[in-house]
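What follows is a set of notes on a single structure, which appears directly below.
The values are calculated or read from the model by the stated rules, or taken from the named source; none is laboratory data. What you are looking at is a predicted structure, and each value in this text was computed from that prediction instead of being measured. Accessible surface is based on the protein model in full, side chains and every heavy atom, while ligands, DNA and RNA are left aside. Shrake-Rupley method; radii C 1.70, N 1.55, O 1.52, S 1.80 Å.
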Amino acid sequence: SGQVLTSGGSGSAPTWSTIASDKITEGNTEAEVIDTGSDGHFKVTTEGSERLRIDSNGRVMIRTTTAGAHSSDLTIGGTTGAGRIMIRSANNGGGYINFQDTTGSTVDGSIEYNHILNSFNFYFESQERFRIHTQGMLGLSGANYGTSGQVLTSAGTGSPVSWTTIPAQATIANNADNRVITG
């Protein structure tokens, strides 16, 4: 059962043989399941080089056979430089990288490139907290870019930064010798 009749070539008798059910091969391209007892994994080889591996811990490695640091779930190796990830979307919609823990059903955080807004947006849960526009503008909680002359000001621990205007006659606290203050 499970054997196939294999030709022996010209002048040779055919033989019954068992097809390897753990490997699919076409030329020098293969998909193979390997289980050595301690190193079970799945690998895909194209043109004789291993391109994809899923190890027994469920980690995915692309263009490398070594998992990244800190038990990374996805490791991408580069051949002549750094590994790269390309996110493409239909109709120039942009792309997301979402972060979620296993305890909830909502996304805990996201990094989005929004092609229409021309910006990278950083979200915590569903709230946009920071935006970097392609022209270099920094937005707080959306498109709040502040106005000319404003500075980012900390409100202390537990509070968000905000855009504030420095008064025209600002007093510099703790004035002392050997200081240069410009305006």
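Per 0.36 nm of contour for each residue apart, how much would the distance between Ile116 and Leu5 grow if the chain were fully extended, relative to their Cα-Cα spacing? Walk me through the numbers before you get to the answer.
Details: separation 111, 0.36 × 111 = 39.96 nm, distance 6.00 nm.
Length difference between fully extended and current span is 34.0 nm.
What does the accessible area of Asp22 come to, in Å² to the nearest 10, when a probe of 1.4 Å is used?
70
Once fully extended, how much extra length lies between Ile87 and Leu138, figured as 0.36 nm per residue of separation less the alpha-carbon to alpha-carbon distance?
Numbers: separation 51, 0.36 × 51 = 18.36 nm, distance 2.33 nm.
Value of the extension gain: 16.0 nm.
Which value, in Å² rounded to 10, gives the accessible area of Leu138 with a 1.4 Å probe and all protein chains present?
Per-residue accessible area (Leu138): approximately 70 Å².
Using a 1.4 angstrom probe and counting only protein chains, how large is the accessible area of Asp39 in Å², to 10?
For Asp39, solvent-accessible area is about 70 Å².
May I have the convex hull volume per residue, in Å³, for the Cα set of segment 1-53?
Working: hull volume 5.4 nm³, N = 53.
Considering the Cα atoms of segment 1-53, their hull volume per residue is 102 Å³.
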